[in-house]
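In what follows, a single structure is set out as structure tokens and then discussed.
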Amino acid sequence: MTNASRKPWKKWRQLSAMAFVLFTGAFSANAAEILWLKLTPTFAYKDISTICSTGLAPTTLYFGAELENLQVNRAVLKDNNVDVITDKIFFLPEELSGIELYRDGMGRVWLKTLPLTARLLNWFLFNAGAGIPECKPSQPLLTVGPIPFSYSFAVEGLGEGGVSAESTFGKLFGNRKDGGAYQAELSLRASQYRAE
Amino acid sequence: MRNLRSLLWIFVAILSWEGQATTEVLWIRVNVNHSYRDLSVDCSAIQPGGEVFFAAEHDSGQLRRVVFNNFPYTDPYISIHKSILLTPQEVAGIRLHRDPKGRLWLKELPLTERLVKWVLYYGSHTYSYCSLPQWPRTMVPTFVPYQFDTEGVDAGILISDSQKVTFAGIRDDGAPFQATMRLTQRQFKWGGEND
């Protein structure tokens, strides 16, 4: 075989290699990033039949998201088990728009702003007290307020090795399905989660 | 025209204020300091006494619904959770007191016969060593206007006592009994609330 006959093949190999590098580079630049955060709620609930708080037995909930360039494409809230199918709620597309993320100096991604609609707040109220079996609304809730409601997380300083970010403190209220009044308090502590 | 516009603004302001008014939930721990005797038992639970819980929905201190509970939560594992809903007539006689820190306390708590029976029976069952052995069929007096001393709570004291009342009655099996009952109230700390 002459050199001349080998050249086109060599060129093809070089082109293929370049295309592969370009393709993978482009792919990795747009690859979706998966984020899981642990959300530890401090939760208290009361109506005229139940009064409780989770101060002594905190629950862990999880926020999961698919990201691209710190934009959330899909998000989910899960109860106290990430690795098995349990109680979870997916954000609707319109519920994603207000979510703000923050990347700290170590490259970790955190929640900065988490706006919650009534149905997401409702999910929190029924799952935040899972660490204590009885700490949840005694009936389905008819109204949850105030709406709109948004949690802001203190993410400043996380680049210096912070391990968790505290949210603002939410005072919630409304009516149960039977018309009775209830009050609840909920704040969230976010920390990084990675399966072992 | 200007008057009409002013009236319209007042109407809108009233409507928006009404929309912002929030019904709150109040819980107060009520210690039941009691003594009881019949031919089968003679006991007293003055220190620390039994316990029931006064729970209410209110709008700025104006009571809407009131319940007594024997436990603070409806634990699925506790099958003896009991509660009694007060009638509007029973609620109407209750007076609250707001202390300088804004906390609400019971000032006057008139108890009808069915409420006296309920509070004494379930309050006594928190501590088994001085429980009523049977449901009281009758009790006199049949109406007790409990009044709480709230001067202390204004000065920062964390409890408030009622007067002690002496009862006589008949158990469900017809046997007579005697009892005394004094109530002591404390705030129920919850969530981010402080002293």
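Only the coordinates and a few stated rules stand behind these numbers; no lab work does. No experiment lies behind these values; they were computed from the predicted model shown. All Cβ positions, glycine included, derive from the backbone under ideal geometry; neighbour counts span all protein chains shown.
Between B:Cys43 and A:Leu96, the FRET efficiency from the beta-carbon distance, with R0 = 56 Å, is close to 0.35. Distance from the Cα centroid of region A:128-196 to that of region A:91-125 is 12 Å (rounded to whole angstrom). Full extension of the chain between B:Trp135 and B:Lys189 yields a length gain of 16.3 nm, computed as 0.36 nm times the residue separation minus the alpha carbon distance. The A:Ile34 and A:Ile147 beta-carbon pair, evaluated with R₀ = 45 Å, returns a calculated FRET efficiency of approximately 0.95. Between B:Asp59 and A:Glu68, the simple label model (points 7 Å from Cα in the Cβ direction) yields a spacing of 5.2 nm. Averaged over the residues of peptide A:181-188, the number of Cβ atoms from other protein chains lying within 10 Å of each residue's Cβ is 4. Is region A:77-187 best put as rounded, prolate or oblate by its Cα gyration tensor, with a ≥ b ≥ c the root eigenvalues, rounded for a/c under 1.5, and otherwise prolate when a/b is larger than b/c, oblate when not? Prolate shape, in that a/c is at least 1.5 and a/b is the bigger ratio. Taking a point 7 Å from the Cα of B:Ala175 along the Cα-to-Cβ direction, the residues of region B:137-165 with backbone N closer than 14 Å to it are B:137.
Could you work out the local net charge near A:Leu39, counting Lys and Arg as +1, Asp and Glu as -1, over the other residues with Cβ closer than 10 Å to its Cβ? Kindly include the intermediate steps, with their values, before the conclusion.
Details: positive: A:Lys38, A:Lys78, A:Arg189; negative: none.
Spelling it out: positives minus negatives among the neighbours equals +3.
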